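Data block below; observations after.
The values are calculated or read from the model by the stated rules, or taken from the named source; none is laboratory data. The shown structure was predicted, so the numbers you read here are calculated from the model rather than taken from an experiment. Note: ideal-geometry Cβ built from the backbone for every residue, glycine included; neighbour counts use all protein chains shown. Please note that ligands, DNA and RNA were not included when accessible areas were found on the heavy atoms of the full protein model with its side chains. Shrake-Rupley method; radii C 1.70, N 1.55, O 1.52, S 1.80 Å.
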Amino acid sequence: MLKRAVFSTPRTAEFLELGALQSQTGQPVSRFGDVVIKELLDNALDAAETAGQRPQVGLGVTLADADGVVYVSVTDNGPGLPGEVIERILDFNNTVSDKASLRSPTRGMQGNAFKTLLGIPYALRVTAPVVIEALGVRHEIAVRVDPIDGVAIDHTQTPSPRTVGTRVSVPMPAHRVTRATAAAWLQKFALFNPHAYLFEHGHESGPEGVDFYEPTAGERWRKPMPTDATSAHHYDQAALTKLVYGHIREHQHGGKDLPLGAFVTTFAGLTASARAKKVAAAVPGITHLSGFKDQPERIGTLLAAMKENSKPSKAADLGQISRDHYLHVIDQAFGLDQGWFARKQLTDDAGIPWVIEVTCARTLRPGTVSFGVNYSATFGDPLNHTRLTGDHADSFGAHAFLGAHDAAPYATNQQLRAAVVHLICPAPQFTDKGKTALAVPREVAEACAQAFASAAKALHKAQESHERARTAQEKAQIREAQRAVKEGKAVWLTKKEAVFRVLPEAIRQVRGGASLSFSSHTLYYKIRPLALKLIKPGSTLDASYVEQTLIPAWEREHGPIAGLYREPRGTLHHPHDTDGERDLRLGTLAVAQYVPPRWNYNKILVIEKTGLWPPIRQARIAERYDMAVVLTEGYGTAACRDLLAKLPAGQVQIFVLHDADPDGYNIARTLGEETVRMPDHHVEIIDLGLHVEHAQALRLETEPFIRHSALPAGLEGQLSPTALTWFTGEPISTNHRGQAKRWQGKRVELNAFSSPELITYIKEQLAHHGATGKVIPPDHILRDTAAASIRAHARRIVDEAITEVIRPDDITQSLYASLDIAQLTTLTGDDIVAHLDAHPHHPWDASVSNIVLDRVGPHRAELKNLARQLLAEQGAPGDR
């Protein structure tokens with residue numbers, strides 16, 4: 001009889017799969033470039049500080065090959081990463097961190113950061129290796145998932161000229177990280193590290209880089225270092241237990257069994273042997289940390305003795321960054337007009353010290369709000385889920401609170417703002433794996449609100465005074481203009497002059513004292529009644545003229561209008577997306593966040609008629625040609641041109657299909673030209689027609705149209721003689737001077753085609769203009785995709801086999817029956833109200849789910865053990 005082998009399934013591939021990596025890093029795939037940069041900078045700064053050096057850290061983004069791969073490289077002047085540490089990093093069964101369980105105001109603390117740096121390229125289908133150069137050795141490391149979900153590692157070592165410090169280079173798809181992204185992170189890290197040299201470099205590091213931040217702090221400036229002793233007063237029993245058991249686990253894996261006295265002397269205030277002996281006497285019989293393995297309850301006694309024999313740390317011990325440093329970096333990045341600063345120091349009710357630093361500035365160029373925790377820049381607002389209450393604001397998050405005080409870039413009156421928020425704490429409690437979202441005690445939230453309000457107060461008062469003066473002046477100008485017109489002393493303003501005169505007042509009205517976004521059409525409705533008072537009675541103010549011409553013209557003179565977005569006026573349809581799940585509405589907000597998918601399409605067809613999509617979709621034109629289809633409503637919007645301009649040059653063909661009329665021809669012309677609104681727009685457009693000559697040859701039905709203005713400037717020289725005749729037409733009315741003011745011409749719309757004729761025309765024109773073939777990625781992408789397909793198929797086979805061997809529904813029912821369902825599901829409206837008070841953005845059903853999860857949580861280990869037992873009973877060898 002065949003005896004089956006029993007295999008264990010490793011979970012190490014969790015570091016190599018997109019979904020798992022998003023969980024590990026706390027960030028979506030779209031921000032993996034940010035993850036790589038942040039973790040590399042954190043590691044580099046720590047390395048230099050550990051060696052007692054003033055950090056010199058370089059960051060660069062350089063092209064790796066012609067296949068759209070770049071290397072994100074960071075260099076440091078630390079001691080160099082030893083080979084044995086690299087080998088431990090490559091052990092995907094265990095996390096490697098020297099601070100995951102320590103409570104100290106140090107950076108990072110993710111615990112598995114380097115493993116994610118190895119896994120991210122593979123998950124993004126990049127086959128180039130991660131490169132580590134240190135101590136004269138070049139390590140090239142590539143990881144991949146093996147057929148049983150383990151991690152296969154290719155690790156080669158060759159000599160390297162780098163003997164000082166470490167250089168780590170991580171390959172990434174080019175669209176995931178840019179030099180601009182790197183520069184932004186470099187600036188943020190410069191804010192929180194006044195002792196460091198931070199610079200941008202190419203292939204060779206050095207202070208000659210493009211962006212260079214010099215240290216402003218002298219040699220005597222001090223912050224907590226990774227090598228500093230931690231304080232026992234930063235721990236509770238659970239935290240110290242985690243630290244002790246971390247040492248025990250190291251001993252079980254071949255490490256040293258740390259003597260209790262040696263462990264105690266690593267804490268601040270307990271380095272003297274006499275004090276360490278006094279502490280050890282509190283737990284007689286335990287000489288080494290392994291002694292706590294079967295007596296975890298005695299760790300509480302140890303902690304009490306450690307606290308009794310040492311002094312608690314103070315907030316002042318956590319370090320400080322000066323007002324001048326923050327303003328210096330803001331000035332270098334955005335230009336400084338005036339700045340304000342506040343700092344709060346406190347110890348919370350649990351005895352944990354905190355430092356809160358906030359800087360607000362009026363800038364010469366649009367700035368940002370930068371957030372940091374423990375001298376490291378974060379992915380976002382660490383207080384985003386914290387309620388902050390003050391005299392002028394009651395909001396969630398530092399960004400919103402500062403915005404209410406006119407101290408954030410999206411503030412009510414203008415964009416010229418920058419702010420910095422820095423929180424320092426030895427025991428920050430994060431609610432996400434990305435180490436950004438903080439859960440802070442009530443007293444800390446109150447101190448944050450006070451610090452933010454204090455820094456913003458002077459700015460707010462100065463801005464209020466400025467706005468009152470400007471409003472009074474503008475209203476006086478409007479009244480004077482109206483009075484002058486009534487008295488016959490002045491002429492009416494032009495439409496442009498009137499709109500420019502009233503725009504600031506219209507912006508204030510549309511915002512209504514809030515910091516919410518608004519559309520250009522909403523702004524138009526505030527402009528119109530104000531401007532009509534200043535132009536000749538009986539005149540009209542066309543929405544498209546205001547929104548597409550005058551507002552952009554005003555922005556070119558006065559800067560972008562904060563919060564203004566353009567409404568969607570078209571849609572991008574991806575090929576092979578039959579349900580339309582990936583359709584992109586072409587509004588400025590959506591396009592700004594859009595990342596074109598790789599290996600999905602290599603052509604775009606822009607059509608000015610949204611109503612033509614059904615027959616094109618049914619004919620599967622997009623799928624046939626691997627071509628995205630953009631349908632717009634009339635002239636290409638700024639969002640449409642933004643979309644086309646961000647596509648990689650030379651890799652995507654762009655075709656346009658339009659009516660045979662002046663507007664259709666002009667759409668094709670303006671879509672690819674440098675326009676007034678987008679002076680850097682250079683996109684090659686292939687015009688498929690419909691041209692007049694095509695319409696004649698196909699004997700399509702013409703129709704008359706009335707033209708009320710001259711042909712668009714620049715169009716006449718591009719028209720064929722026949723098209724010029726059609727579109728010029730014959731005068732049908734004149735003005736009082738006998739000049740023609742209306743003409744009747746003829747045109748042909750795309751709707752003149754029957755649906756089959758339209759599809760045939762599109763195919764013929766694509767062939768005529770050399771539409772490229774189907775998308776076929778490089779060989780290594782094909783190999784990776786094939787491997788992923790095989791793996792997915794294997795996973796399905798495994799799932800099918802598992803469901804044949806075990807009965808998941810029976811196990812689930814057994815777990816369910818083991819719980820006190822009545823107690824767990826007893827909920828009242830008051831329970832939901834209390835949860836929604838803390839989480840006001842949740843719906844009621846999310847509150848129910850979260851409350852139940854909290855109640856089931858204490859039983860989780862018990863339920864897991866029961867599930868394992870039931871699985872073993874169902875799948876035991878010989879049962880089947």
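Taking square-rooted eigenvalues a ≥ b ≥ c of the alpha carbon gyration tensor, is segment 209-324 rounded, prolate or oblate, where a/c under 1.5 means rounded and, failing that, a/b exceeding b/c means prolate?
Prolate, because a/c is 1.5 or more and a/b exceeds b/c.
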task: At 1.4 Å probe size, with no ligands or nucleic acids counted, give the accessible surface of His253 in Å², nearest ten.
output: 130
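Quick one: length gained pulling Glu873 to Gln813 fully straight, 0.36 nm per residue minus the C-alpha distance? Display every interim value, and only then the final one.
On the way: separation 60, 0.36 × 60 = 21.60 nm, distance 1.50 nm.
Net length gain for the segment: 20.1 nm.
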statement: Pseudo-spin-label distance Leu364 to Gln332, built 7 Å along Cα→Cβ, given in nm, is 1.6
query: Binning every alpha carbon pair distance of segment 521-560 at 10 Å from zero, what are the percents per bin?
result: 28, 54, 17, 1
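Residue separation times 0.36 nm, minus the C-alpha to C-alpha distance between Gln53 and Arg144: what's the value?
Numbers: separation 91, 0.36 × 91 = 32.76 nm, distance 3.60 nm.
Fully extending the segment from Gln53 to Arg144 adds 29.2 nm.
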Cα gyration tensor shape of segment 809-880, rounded if a/c is under 1.5, else prolate or oblate by comparing a/b with b/c: prolate
- prompt: Once you put a point 7 Å from the Cα of Asp845 and another 7 Å from the Cα of Ala272, both along the Cβ direction, what distance in nm separates them?
  reply: 6.4
- request: Could you tell me the accessible area of Thr826 in Å² (1.4 Å probe, neighbours in place), rounded to the nearest ten?
  value: 90
task: Would you mind putting 245-251, 619-625 in packing order, based on average other-beta-carbon counts within 10 Å, highest first?
output: 619-625, 245-251
- prompt: Got a sec? What order do Asp809, Asp348, Asp837, Asp257 fall in by accessible area at 1.4 Å, biggest, i.e. largest, first?
  reply: Asp809, Asp837, Asp257, Asp348
- line: Contour minus Cα-Cα span, Lys536 to His768, at 0.36 nm per residue, comes to 78.3 nm
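Over the Cα atoms of segment 281-359, compute the convex hull volume and normalise it per residue, giving Å³. All intermediate terms of the calculation are to be shown ahead of the outcome.
On the way: hull volume 11.5 nm³, N = 79.
Output value, Cα hull per residue: 146 Å³.
Could you work out the local net charge near Leu824, counting Lys and Arg as +1, Asp and Glu as -1, over the other residues with Cβ closer than 15 Å to its Cβ?
Values: positive: Arg855, Arg860; negative: Asp820, Asp831, Asp854, Glu862.
Spelling it out: positives minus negatives among the neighbours equals -2.
Using a 1.4 angstrom probe on the protein heavy atoms only, could you order Tyr816, Tyr197 from most to least accessible area? Intermediate values should be presented prior to the final figure.
Values: Tyr816 120, Tyr197 70 Å².
Putting Tyr816, Tyr197 in descending order of accessible area: Tyr816, Tyr197.
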task: Could you tell me which of rounded, prolate or oblate describes segment 260-308, using a ≥ b ≥ c as the square roots of the eigenvalues of the alpha-carbon gyration tensor, with rounded for a/c under 1.5 and, failing that, prolate when a/b is larger than b/c and oblate otherwise?
output: prolate
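Provide the FRET efficiency to the nearest 0.05 for the Ile790-Glu623 pair, computing r from the beta carbons and using R0 = 25 Å.
0.50
Kindly state, to the nearest 0.05, the FRET efficiency for Lys741 paired with Tyr525, given R0 = 41 Å and r defined as their beta-carbon distance.
Values: r = 30 Å, r/R0 = 0.73.
For R0 = 41 Å, the calculated efficiency reads 0.85.
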field: For Ser517, solvent-accessible area (1.4 Å; no DNA, RNA or ligand), Å²
entry: 80
field: Pair Asp837, Glu730: separation of 7 Å Cα→Cβ label points (nm)
entry: 8.1
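How high is the FRET efficiency from Asp779 to Gln696, r the C-beta distance, R0 35 Å, rounded to 0.05?
Values: r = 48 Å, r/R0 = 1.36.
According to the calculation, E is roughly 0.15.
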message: Which order do you get for His708, His691, His842 if you rank them by accessible area with a 1.4 Å probe, largest at the top?
response: His708, His842, His691
